[in-house]
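The next block holds one structure in the form of structure tokens; read it before the comments.
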Amino acid sequence: MIRPQPASLAPFAEDWVGGDIGGLQALAAELYGFVPEITGITAALNQQVDRLTGGDEGWHEPAASAFTRAWRRDSGTAEVLAAVIGQAAGIIGGLAAELAVIENALEEQAYAASRYGVNIGTDGRPPPVSAGPVADATTASKQHWALAYRQLYGQAMAKAQQARQQATRQLMDLYARVEPGARPVRSKGCVVRATPRSSGDGR
Amino acid sequence: MTGMPGKHGQRMVHSRSQAVFSDLRQTAGMFGAESVRFWAIMPPHGPARADGGSPEFDGALAQVLEAIGGLHTQMAAMIAQHGSSLRDACAADQVTDETAGDTMEEITDRRTHELRRA
């Protein structure tokens, strides 16, 4: 069985676009790791129940069919849970990958700009640029690169924000399917509904 | 092996019941063990969060992870519950079978006694 993994990240060294990109990817990997564990357990139990209730010598009392029905329903719910976890991992890993691409592009542009004398802040913010006439070619080049970096920085931040908003919407859609008190979600005939939990658990 | 030994150390449970009892017990044990494994897959409140860089994303992420943690806990409890119901079914069947076995032994003993007297 191929274990799903989040996409590898574009290289980056700083933390300018915001968010813990590595942490998001690690969370996605952790969530992906739960999927085969859940499906492995339910598959093993399904097999055992088939063995228990199958064949002429199997368990065939009325209690057996009631048990099998109840187990099949819950086994299906576990499969839906695994699918939801996989989808959450995809959303979180996707955001991590997108932020890494943006961060990588920003850092590369910052490096290029710094070679032309543009002073980039430790947080990646572009320096103030005067748009007025310049005296020499070196200053003109520096001004050009500073303006270019300023423009790219603004675009990068907007893209990062857009990526977060999209991921937020996707997570909210996912949550709407599993939230406590939500309309039952049916997938392969199963219902997923979380039990309301008390708040203030310190996390 | 199921059923209480009779007066002559015999067990009156026929082989088909023994096989079912054995499978029921094995399956109940497996459900119990797998519920523990399932429980251990992730922390009860879901995995630890990661900072996404915006309060909106972090809020949505926290809700989803909390719901996943809740469903996971419920599933672990459900698996354990199925194990318990199998153990109950096993115990109920065993009582029925033992009663039937004891009755058979009594009939056999009585018949043997009558034959000896005759």
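Only the coordinates and a few stated rules stand behind these numbers; no lab work does. All of these numbers come straight from a predicted model, not from anything done at the bench. Glycine also receives a Cβ, built like all others from the backbone with ideal geometry; neighbour counts cover every protein chain displayed.
General remarks:
- Here the contact order of the range A:108-175, divided by its residue count and restricted to Cα pairs under 8 Å and six or more residues apart, works out to 31 percent.
- Charge context of B:H82, other residues only, Cβ under 12 angstrom, K/R +1, D/E -1: +1
- Label zone at B:A33 (point 7 Å along Cα-to-Cβ), backbone N below 17 Å, the range A:50-83: A:50-52
- Projecting the alpha carbon convex hull of the range B:48-92 along each direction and taking the average yields 3.1 nm².
- Exercise: per-residue mean of other protein chain Cβ atoms within 10 Å, B:69-80: 6
- Degrees separating the helix A:137-178 axis from the principal Cα axis of chain A, which is the longest one: 20
- Contour minus Cα-Cα distance for B:A91 and B:A62 (0.36 nm per residue): 6.1 nm
- Per-residue mean of foreign Cβ neighbours for A:170-178 is 5 (Cβ atoms of other chains, 10 Å radius).
- Folded to 0 to 90 degrees: helix A:21-53 orientation relative to chain A principal axis, Cα: 10
- Principal-axis analysis of the Cα atoms of chain A puts helix A:62-115 at an angle of about 10° to the longest axis.
- Highest average first, the peptides B:67-78, B:42-53, A:88-99, A:134-145 ordered by how many other beta carbon atoms sit within 10 Å of their residues are A:88-99, B:67-78, B:42-53, A:134-145.
- Once the Cβ-Cβ distance of A:A43 and A:Q151 is raised to the sixth power relative to R0 = 35 Å, the FRET efficiency obtained is 0.05.
- Percentage relative contact order, chain A, counting C-alpha pairs under 8 Å, at least six apart: 25
- Three principal axis extents describe the C-alpha atoms of the range A:5-75; from largest down they are 66, 17, 10 Å.
- Across all directions, the average flat footprint of the convex hull enclosing the Cα atoms of chain A is 16.6 nm².
- Residue-averaged [θ]222 nm for chain A, counting only DSSP H segments that reach four residues, each worth -39500 (n - 2.57): -23500 deg cm²/dmol
- For the residues A:Q161, A:Q47, A:Q25, a GNM of chain A with alpha-carbon springs under 10 Å puts the largest fluctuation on A:Q47.
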